[in-house]
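Novice: Attaching a single structure in structure tokens format; questions to follow.
The values are calculated or read from the model by the stated rules, or taken from the named source; none is laboratory data. Just so we're clear, the structure is a prediction, and the values are computed from it rather than from any experiment. Ideal geometry is used to build each Cβ from the backbone, glycine not excepted, and the neighbour counts take in all protein chains shown.
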Amino acid sequence: MIKSKPLISFLIINYNNNDLLNRSIDSCLKQTYKNFEILVFDDRSNQSITRNIKKYKLNNKVKFFLNKKKKSYIPEFDARNGYDFLIKNSKGQIISFLDSDDYIHSKKASQLIEVFNRYQNISFIQNLFVNKNSKKKISNKNFFLGFFPYLAPESCISFRRNFYYDYQRDTKKLKFKFNNLWLGLRMGLYSYYKRNDFYQLNRALTFYENFGESLKFKKFNYNWWIRRKDSFIYTYLISSKKNILLNIDYFITTFVVFFLKIIRNEN
């Protein structure tokens, strides 16, 4: 059973966001819930993060790690390798992801702990976010014909440590497949369809920036449809539920992908 005031580990992956990284770290340091640690993984940024490291040198809540291994330059794989490394080096019973260009509300940790303490059967929480590009609070509504639940970006997900170990064990064979599916999305699908321990926290506790790879998956563009089809297949493989491939959303997605590939001369 989880302790009433467990340690929470904020894990931050940084790649070429040195100017925004301090904002992410500071938002974690300003938490009203004080039992936390912050681990930062720099994934071979083009610019040195020496200045960032020096700023927090005397703060024992913040630890920096530099990637000394060769990058794959497949963003999903590189980010997952970074999170794997940080989880192994973290100590918290609760893990919370945060991209280095995003930041969080000062009460995020306390509200997460409240939910985890109240519901012992919940292992995975996602919160809502404010999109800093549009300055809008994002709701938990999804495509009206959609089969999937609303799944938030990685900076909005938190989970119990043991959940992650179970996820790794149960999805090991799919680790290097579906490189359009980011770790947070995979974990959300696993929690919702495989384990049924998913919780939607309808509070905007993350401030999210649409930079980098997320721009490749703008709603209804080609990459968005490809990822959607991959999500169906991935979910089917981890859950073996036949209805995942027997619904109107999957049929529409399959048709659109087929049509788009013809246009792009990929068939």
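Novice: Would you call residue 72 out of contact with any Cys (no Cβ under 9 Å at 6 or more places or on another chain), in contact (Cβ under 8 Å) with a residue 60 or more places away in the chain and of a type in the set (Gly, Ala, Ser)?
Specialist: Against the criterion (out of contact with any Cys (no Cβ under 9 Å at 6 or more places or on another chain), in contact (Cβ under 8 Å) with a residue 60 or more places away in the chain and of a type in the set (Gly, Ala, Ser)), residue 72 does not qualify.
Novice: Let me ask another. Here is a list of conditions, (1) surrounded by 12 or more Cβ atoms within 10 Å (Cβ to Cβ); (2) within 27 Å of residue 185 (Cβ to Cβ), and residue 91 meets all of them except one; can you say which number that is?
Specialist: Status for residue 91: all satisfied but (1).
Novice: Separate question: Can you say whether residue 252 is more than 29 Å from residue 131 (Cα to Cα) and part of a helix (DSSP H, G or I), as far as the supplied structure shows?
Specialist: no
Novice: Right, residue 185: surrounded by 13 or more Cβ atoms within 10 Å (Cβ to Cβ) and more than 30 Å from residue 23 (Cβ to Cβ) or not?
Specialist: No; evaluated as a whole, the condition is false for this residue.
Novice: Filtering the range 125-155 down to residues that are outside any loop (DSSP other than H, G, I, E, B) and surrounded by fewer than 22 Cβ atoms within 10 Å (Cβ to Cβ), which residue is modelled with the lowest pLDDT? Lay out the reasoning, then the answer.
Specialist: Kept after step one, since they are outside any loop (DSSP other than H, G, I, E, B), are these residues of the range 125-155: 125-131, 136-137, 154-155.
Still in the running and surrounded by fewer than 22 Cβ atoms within 10 Å (Cβ to Cβ): 128, 130-131, 136-137.
Values: 128: 95, 130: 92, 131: 86, 136: 58, 137: 54.
Only one residue tops the list, namely 137.
Novice: May I pose another question? Just to be sure, is residue 169 at pLDDT 95 or above, loosely packed, with under 15 Cβ neighbours inside 10 Å and under 18 Å from residue 239 (Cα atoms)? Before the answer, list the steps.
Specialist: Numbers: at pLDDT 95 or above: yes; loosely packed, with under 15 Cβ neighbours inside 10 Å: yes; under 18 Å from residue 239 (Cα atoms): yes.
Here the answer is yes, as residue 169 does meet what is asked.
Novice: Restricting attention to the range 166-188, does a residue exist that is assigned to a helix (DSSP H, G or I), basic (Lys, Arg), touching a Ser or Thr at 6+ places or on another chain (Cβ under 6 Å) and over 28 Å from residue 12 (Cβ atoms)?
Specialist: Checked against the condition, which is being assigned to a helix (DSSP H, G or I), basic (Lys, Arg), touching a Ser or Thr at 6+ places or on another chain (Cβ under 6 Å) and over 28 Å from residue 12 (Cβ atoms), the range 166-188 yields no hits at all.
Novice: Here's a follow-up. Could you pull out the residue among 60, 18 that is more than 19 Å from the chain's Cα centre (by Cα), crowded, with 18+ Cβ neighbours inside 10 Å and over 25 Å from residue 227 (Cβ atoms)?
Specialist: 18
Novice: Further question: Restricting to the range 222-267, give me the number of residues that are over 20 Å from residue 182 (Cα atoms), touching a helix residue (DSSP H, G or I) at 6+ places or on another chain (Cβ under 7 Å), surrounded by 14 or more Cβ atoms within 10 Å (Cβ to Cβ) and of a type in the set (S, T, N, Q).
Specialist: Number of matching residues: 1.
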